[in-house]
Amino acid sequence: MATKTNYAPLAEDVVAAFGGADNIASFTHCATRLRFKVKDASKADLKKAEKVDGVITALAAGGQHQVVVGNDVPFAYEAVAALPGMAHKGSMDDGGEAADDEPGEKDGNLFNRFVAMISAIFSPILWCLAGIALGKAFLSGAVTLGWMSDQTTTYTILNVTFDGLFTFLPFFLAVTAARYFRTDIFIAMAVVAPLLHPSLTALTDSGAPVHFLGIPVSLISYASSVIPAIVAVWVLSYVERWLSKVLPSSIRNFMVPLLCVTIMVPLVLLTIGPATNFIANGLSSGVNWLFGVAPWLAGAVLGAFWQVFVIFGLHWSFVPIMLNDLATQGYTYITAPLMAAVLAQAGAVAAVAIRSKNASRRKVAGPATLSAFLAGVTEPTIYGINLPLKTPFYVGCVAGAVGGAIISAGGSAFNAFVFPSMLAFPAATAIGNFPLFIIGTAVGIVGGFVGTWFLLPSAEAKLDAEDGDDAGEAAAPADPAAELTPQTGEENIRAAVRGTVVGLENVSDKVFASGAMGKGLAITPSDGQVVAPVAGTVIAAPKSGHAFGIKTDSGVELLVHVGLDTVKMKGEGFDVKVARGDRVEEGQLLVGADLDAIAKAGFEDTTILVVTNTAKLTDVTVTAHEGQQVTEDVVITTTK
């Protein structure tokens, strides 16, 4: 994981990978991810972004290009916002949607767009919701366990402390929804505020018939509601834009808010509120019906596939249902089986942290274990360890399914919106069979841990036997064998092959030419004997033989890439002499490349030599010039 001081280069490299600032329409962040909307997806290179130091993985989901960084994503977000041309495309206050006038990439799939919308609206307040909900859960647990009476004024004050956010949740959603739908924040708040006004609440509680201009009004409680506020702000965005266009500038500033509130509040009370409440209750009833008919099946499905939903960003679609359940019935069945799903992955990554023989993998697995167990944040676990190894992820899904089935069979539900984690147990004490909840959770943890413990050696052996298939793979993080004690000082890098120097900017491969992979040069080879330009450890050696990564004792990381697109030759014409983890000396033969075979295959034999961790070094200087004939000459110097 990158430290805070490394987020500036991470930001630069990620933005460059997505086509630069001009190609990014807006960006935001959630608990662990940077989320970008790009204008032209063809200019965005996810593989390139994924190889940036400090990035766990990169993916396209929900109409967004997402970069998983981990718990320190706010620092990465600040670094992106600090880049030229990026500040106005995001919000430094809360990571909300940008107020950018240019549209981002549009995903034609309506469901994906819905998920992206929910994600953007809830992301800025998610940690606040989860953190305060823990207090609410602990308070509920204290009452359930008899540690505190709910008749005391102490309880009342604590309850107000932890419940205020949820009671006035529509007000908070008005802010984030206004940013997403690009409408005036204060007008949005003014439209939602009447829904929570004590006078309207009193009318709702009285049960007496209510009319507006003779039209009957079906009042509902808007406290803690979710969907009415979001839909209201969405409709408001169109009303406000229309009024801003048709009203004269002399009266626009004060008439737009006046007319918006006058139009929208009755409209919400008469149509949007009742309609969205009906839809929300319908969804909740459907979920609750499944839990009522076959609770074990519902729990098993959620336990098995929840982390799959997280991978594709689909978990956001469940948030409104959870919050609506909490608002209408005081509990939600959905969250309880997720305890097994989340902690099963935590158990699996804990096994990796303890048993793995790969020091680099253990270094990631340790913090990921704590993050998953204590905070319920599994992105570092999934993308950093379990999914690449495959087996721990599968084991976690199976253990989560079994544990989820047990939990739901006991009728367990959460009475607060909390992230499933070791700190979330108080939220499950009031509803259902708590001992079964404990057993189901334990089954998830133990199942994930034990299954991974026994299957990890074969999973690691399989992964470590697989090699990358492109330049990005060759520049992957170092193998533990390469984790040597860093030294300082100057490093001389010699030519990896005899031939004629070509400036990196003149290479036909845009990724290399842009310098995104690091500083370096290219050589048109006169023969196919490719040697180690420095002494060090081989950190990447694909079976295709087209690329090699070498890390020196001083920590300089080099990529030797033989030919362009030669990975497509699948090893034909390449006689590989070294393997990943080997110690090589300067001038030692890495591969014998058949230049004629490369030409016959229709590829260029231009050999690239770049310093892939250029951003971490004090200085990288290319000493060879365009057209220079080189043999064993020093062509690059670096300073740690």
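The values are calculated or read from the model by the stated rules, or taken from the named source; none is laboratory data. Values in this document were obtained by computation on a predicted structure and should not be read as measured data. Every residue, glycine as well, gets a Cβ built from its backbone with ideal geometry; the counts of neighbours run over all protein chains shown.
A few points about this structure:
- Single unsatisfied condition, Ser237 versus (1) surrounded by fewer than 17 Cβ atoms within 10 Å (Cβ to Cβ); (2) modelled with pLDDT of 90 or more; (3) in contact with a Phe, Trp or Tyr (Cβ under 9 Å, 6 or more places away or on another chain): (1)
- Residue within region 208-215 that is outside any strand (DSSP E or B) and within 21 Å of Phe186 (Cβ to Cβ) present: no
Residue-wise test of (1) free of Cβ contacts under 8 Å to residues at least 12 places away in the same chain; (2) at positive phi; (3) surrounded by fewer than 18 Cβ atoms within 10 Å (Cβ to Cβ); (4) assigned to a loop (DSSP other than H, G, I, E, B).
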position: Met148; (1), (2), (3), (4): yes, no, yes, yes
position: Pro170; (1), (2), (3), (4): no, no, no, no
position: Tyr180; (1), (2), (3), (4): no, no, no, no
position: Ile187; (1), (2), (3), (4): no, no, no, no
position: Ala193; (1), (2), (3), (4): no, no, yes, no
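- Every pair of residues 6+ apart whose Cβ atoms lie under 8 Å, when the first sits in region 68-88 and is over 16 Å from Val52 (Cβ atoms) while the second is among the acidic types (Asp, Glu) and at pLDDT below 80: His88/Asp100
- Test: residue in region 15-26 that is buried (at least 19 other Cβ atoms within 10 Å of the Cβ), closer than 24 Å to Ile385 by Cα, at pLDDT 90 or above and in the same structural domain as Val73 (by TED's automatic domain parsing): yes
- Applying the criterion of being without any contact (Cβ under 8 Å) to a residue 40 or more places away in the chain and surrounded by 20 or more Cβ atoms within 10 Å (Cβ to Cβ) to the residues of region 37-57, the residue that is farthest from Phe75 (Cα to Cα) is Ala44.
Every residue, every condition in (1) part of a loop (DSSP other than H, G, I, E, B); (2) at positive phi; (3) surrounded by fewer than 22 Cβ atoms within 10 Å (Cβ to Cβ), yes or no:
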site	(1), (2), (3)
Ile407	no, no, no
Ala416	yes, no, no
Ala427	no, no, no
Pro435	no, no, yes
Gly444	no, no, no
Phe449	no, no, no
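- Verdict on Val530 being modelled with pLDDT of 90 or more, in the same structural domain as Glu632 (by TED's automatic domain parsing), in contact with a Ser or Thr (Cβ under 6 Å, 6 or more places away or on another chain) and buried (at least 21 other Cβ atoms within 10 Å of the Cβ): no
- Residues in region 547-571 that are assigned to a loop (DSSP other than H, G, I, E, B) and either surrounded by 24 or more Cβ atoms within 10 Å (Cβ to Cβ) or β-branched (Val, Ile, Thr) (or both): Thr552, Val556, Gly563.
- The listed residue being over 25 Å from Leu10 (Cα atoms) and not small (Gly, Ala, Ser), out of Lys640, Lys551, Lys616, Lys570: Lys570
- Residue ID - surrounded by the most Cβ atoms within 10 Å (Cβ to Cβ), chosen from residues in region 533-546 that are modelled with pLDDT of 85 or more and not in a strand (DSSP E or B): His546
- Condition met for Ile550 (touching a strand residue (DSSP E or B) at 6+ places or on another chain (Cβ under 6 Å), closer than 20 Å to Leu617 by Cβ, assigned by TED's automatic domain parsing to the domain that holds His625 and free of Cβ contacts under 8 Å to residues at least 40 places away in the same chain): yes
- Residues in region 128-150 that are at pLDDT 75 or above, under 10 Å from Asp163 (Cα atoms) and among the charged types (D, E, K, R): 0 in all.
- The residue list Gly366, Gly396, Gly376 contains one member that is under 20 Å from the mean Cα position of the chain (by Cα), surrounded by fewer than 24 Cβ atoms within 10 Å (Cβ to Cβ) and closer than 19 Å to Glu460 by Cβ, which is Gly366.
- Failed item in (1) under 19 Å from Phe512 (Cβ atoms); (2) in a loop (DSSP other than H, G, I, E, B); (3) within 40 Å of the chain's Cα centre (by Cα), with Gly627 passing the rest: (3)
- Test for Thr328: is it at pLDDT 85 or above, under 21 Å from Thr167 (Cα atoms) and not aliphatic (A, V, I, L, M): no
- Scan of region 269-289 for residues that are modelled with pLDDT of 80 or more and either in contact with a Phe, Trp or Tyr (Cβ under 9 Å, 6 or more places away or on another chain) or in the same structural domain as Ala336 (by TED's automatic domain parsing) (or both), ordered by number: Leu269, Leu270, Gly273
- Subset of region 61-75 [modelled with pLDDT of 80 or more and closer than 19 Å to Thr381 by Cα]: Gln66, Val67
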